[in-house]
1. Do you know which of the residues in the stretch 418-427 that are crowded, with 17+ Cβ neighbours inside 10 Å and away from the ligand (no atom under 16 Å from the Cβ) is modelled with the lowest pLDDT?
2. Among the residues of the stretch 23-37, is there at least one that is open to solvent by 70 Å² or more (accessible area, probe 1.4 Å), assigned to a strand (DSSP E or B) and at pLDDT below 90?
3. When only residues in the stretch 214-229 that are closer than 17 Å to Glu184 by Cβ and either touching a Lys or Arg at 6+ places or on another chain (Cβ under 7 Å) or among the aromatic types (Phe, Trp, Tyr) (or both) count, which is modelled with the lowest pLDDT?
4. Out of all the residues in the stretch 240-254, which are in contact (Cβ under 8 Å) with a residue 60 or more places away in the chain and more than 15 Å from Pro183 (Cβ to Cβ)?
5. I'd like to verify a number: residues in the stretch 394-417 that are within 16 Å of the ligand (Cβ to nearest atom) and not aliphatic (A, V, I, L, M), how many?
6. Scan the stretch 74-99 residue by residue and report those that are away from the ligand (no atom under 14 Å from the Cβ), open to solvent by 30 Å² or more (accessible area, probe 1.4 Å) and assigned to a loop (DSSP other than H, G, I, E, B).
7. I'd like to verify a number: residues in the stretch 369-392 that are part of a strand (DSSP E or B) and over 14 Å from Val404 (Cα atoms), how many?
8. Could you give me the residue pairs with C-beta distances under 6 Å whose first residue belongs to the stretch 281-309 and is open to solvent by less than 60 Å² (accessible area, probe 1.4 Å), whose second residue is part of a helix (DSSP H, G or I) and at pLDDT below 80 wherever it lies, and which are 6+ apart or on separate chains?
Amino acid sequence: MNRPKVQRRVGKYEVGKTIGQGTFAKVRYAKNAETGESVALKILDKQKLLKNNKMSVQIKREISTMKLINHPNVVRLYEVLASKTKIYIVLEFAMGGELVDKIRHDGRLKEDGARRYFQQLINAVDYCHSRGVYHRDLKPENLLLDGQGNLKISDFGLSALSRQAGGDGLLHTTCGTPNYAAPEVLGDQGYDGATADLWSCGVILFELLSGHLPFEDSNLLTLYNKITAAEYNCPYWLSPGAKNLIVRILDPNPTTRIKVPEILEDAWFKKDYKPAVFEEREEAKLDDVEDVFKDSEEHHVTEKKEEQPTSINAFELISMSRALDLGNFFEGEEGFKRETRFAAIGGANELVQKIEAASKPLGFDIQKNNYKMRLENVNAGRKGNLEVATEIFQVSPSLHMVEVRKTKGDTLEFHKFYKKLSTTLKDVVWKSGDTSDNNNK
Ligand code: 3AM
């Protein structure tokens with residue numbers, strides 16, 4: 001089977017699929033063609049970013065500071081590139097996905113596991129604070145994992161960027177559910193970035209240990225009141241040490257709230273503690289940041305689109321179809337999958353109709369373009385609307401490969417949708433192992 005594949009390149013990066021749509025940018029997977037290294041490309045609209053001069057000075061400062069930061073628990077910012085209309089922030093690729101997906105799938109963590117993530121979180125937060133960089137929007141969505149299961153904080157130091165792109169500050173960055181924000185941040189008085197970040201770390205620790213949030217309410221005003229009064233209940237099964245630390249962090253008064261040096265001395269925190277080992281990067285060059293913000297045309301990165309025929313034969317199809325096994329969703333180094341494929345028996349039009357029939361009752365709006373479909377669930381989920389792209393590739397007139405890919409929204413909601421879809425389509429789905437045990441490797 002031949003199909004034209006468009007290969008996009010930005011400078012030395014081969015641009016792959018969209019990983020997701022964050023609060024202020026589209027994120028795409030890309031590969032450094034020179035080194036083979038995987039990266040995440042954050043793609044921003046240049047005009048929006050540079051329209052406010054004061055903001056752009058701050059964003060430039062944040063990006064420059066982040067380039068100097070080389071902490072094992074902070075997503076590295078490698079470089080920034082600009083084209084005529086876009087700005088690309090090249091980031092370390094965190095292949096383990098989001099910590100929140102792990103908790104939502106596996107439930108709360110054991111104390112030792114939660115402590116390990118929390119120690120890495122505090123190490124990274126402390127380091128960035130010592131450099132004068134504050135996150136201001138710490139929440140589990142910003143906690144990613146690498147291939148070894150180490151925590152990597154994303155968007156550290158890019159708070160001006162999210163405010164700029166969101167335009168409406170707090171409400172935007174927290175998507176209207178400020179569960180992780182400190183009382184003084186909600187009060188909208190001037191606040192100290194360091195102590196406010198620590199509060200969010202306390203909320204995260206609570207969530208890791210208990211599997212739910214300390215402050216929750218469908219009514220925003222009630223939620224604000226609960227946060228301001230630090231009104232929450234610790235699960236009875238939490239150890240006294242963990243409870244004690246949470247109470248010290250979730251102190252609504254920022255002046256008496258525990259600080260990092262005291263956390264480092266806390267008995268519960270200290271168990272099996274390993275300080276982070278890393279080298280400082282004073283030598284990082286900031287020419288790329290200068291060029292982007294000067295917007296000098298001579299430094300614009302080249303963007304190319306090349307049509308490449310890609311062929312898939314039946315053997316490749318069979319090996320790709322292993323993704324049908326739902327168990328694979330949660331295993332392996334790649335963490336949580338945002339896309340999968342299955343082989344299906346039947347004509348392409350019939351498959352389109354079946355996907356449509358399976359998606360509509362679930363509340364999806366459907367847009368069709370030949371054998372590509374865009375499904376959007378208008379009932380907002382945990383991260384806004386769930387958007388899914390599907391594509392059907394022909395192997396033979398009666399055998400097709402269906403690709404199902406999340407383009408926006410929550411990964412676990414996508415998994416639920418995929419399960420329903422594959423159940424509805426089970427009559428036509430071709431399973432490896434259907435015809436021979438040998439296929440089922
Ligand atoms: O849409 P989801 O939640 O699947 O995890 C981030 C989020 O995924 C991911 O891009 C989406 C929009 O923010 N993401 C952000 N930075 C990343 C990075 N450095 C990243 N994934 C891997 N590495």
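1. Our first condition is that a residue be crowded, with 17+ Cβ neighbours inside 10 Å; within the stretch 418-427, this holds for 418, 421-422, 424-425.
This time we only want the ones that are away from the ligand (no atom under 16 Å from the Cβ), so: 421-422, 424-425.
Values: Leu421: 84, Ser422: 79, Thr424: 82, Leu425: 82.
Taking the candidates together, the pick is Ser422.
2. Scanning the stretch 23-37 turns up at least one residue that is open to solvent by 70 Å² or more (accessible area, probe 1.4 Å), assigned to a strand (DSSP E or B) and at pLDDT below 90.
3. We begin by selecting, within the stretch 214-229, every residue closer than 17 Å to Glu184 by Cβ; these are 214-215, 223-229.
Going one step further and asking which of them are either touching a Lys or Arg at 6+ places or on another chain (Cβ under 7 Å) or among the aromatic types (Phe, Trp, Tyr) (or both), we end up with 215, 224.
Working: Phe215: 96, Tyr224: 92.
Step by step, filter the stretch 214-229, then rank; the result is Tyr224.
4. Residues of the stretch 240-254 in contact (Cβ under 8 Å) with a residue 60 or more places away in the chain: 242, 252, 254.
Correct list: Ala242 only.
5. Of all residues in the stretch 394-417, those within 16 Å of the ligand (Cβ to nearest atom) come to 404-417.
Still in the running and not aliphatic (A, V, I, L, M): 405-411, 413-417.
Residues meeting the conditions: 12.
6. Of everything in the stretch 74-99, those that are away from the ligand (no atom under 14 Å from the Cβ), open to solvent by 30 Å² or more (accessible area, probe 1.4 Å) and assigned to a loop (DSSP other than H, G, I, E, B) turn out to be Lys84, Thr85.
7. Within the stretch 369-392, the first condition is being part of a strand (DSSP E or B), and the residues that meet it are 369, 372-382, 384-392.
Then drop every residue that is not over 14 Å from Val404 (Cα atoms), which leaves 369, 377-382, 384-385.
Of the residues in that region, 9 qualify.
8. Once the first residue is open to solvent by less than 60 Å² (accessible area, probe 1.4 Å) and sits in the stretch 281-309, its partners that are part of a helix (DSSP H, G or I) and at pLDDT below 80 give Asp291/His299.
The values are calculated or read from the model by the stated rules, or taken from the named source; none is laboratory data. Computed from a predicted model, the values in this text were never measured in an experiment. A quick note on method: Cβ atoms are made from the backbone with ideal geometry, for glycine too, and the neighbour counts reach across all protein chains shown. These accessible areas exclude ligands, DNA and RNA; they are computed on the full protein's heavy atoms, side chains included. Shrake-Rupley method; radii C 1.70, N 1.55, O 1.52, S 1.80 Å.
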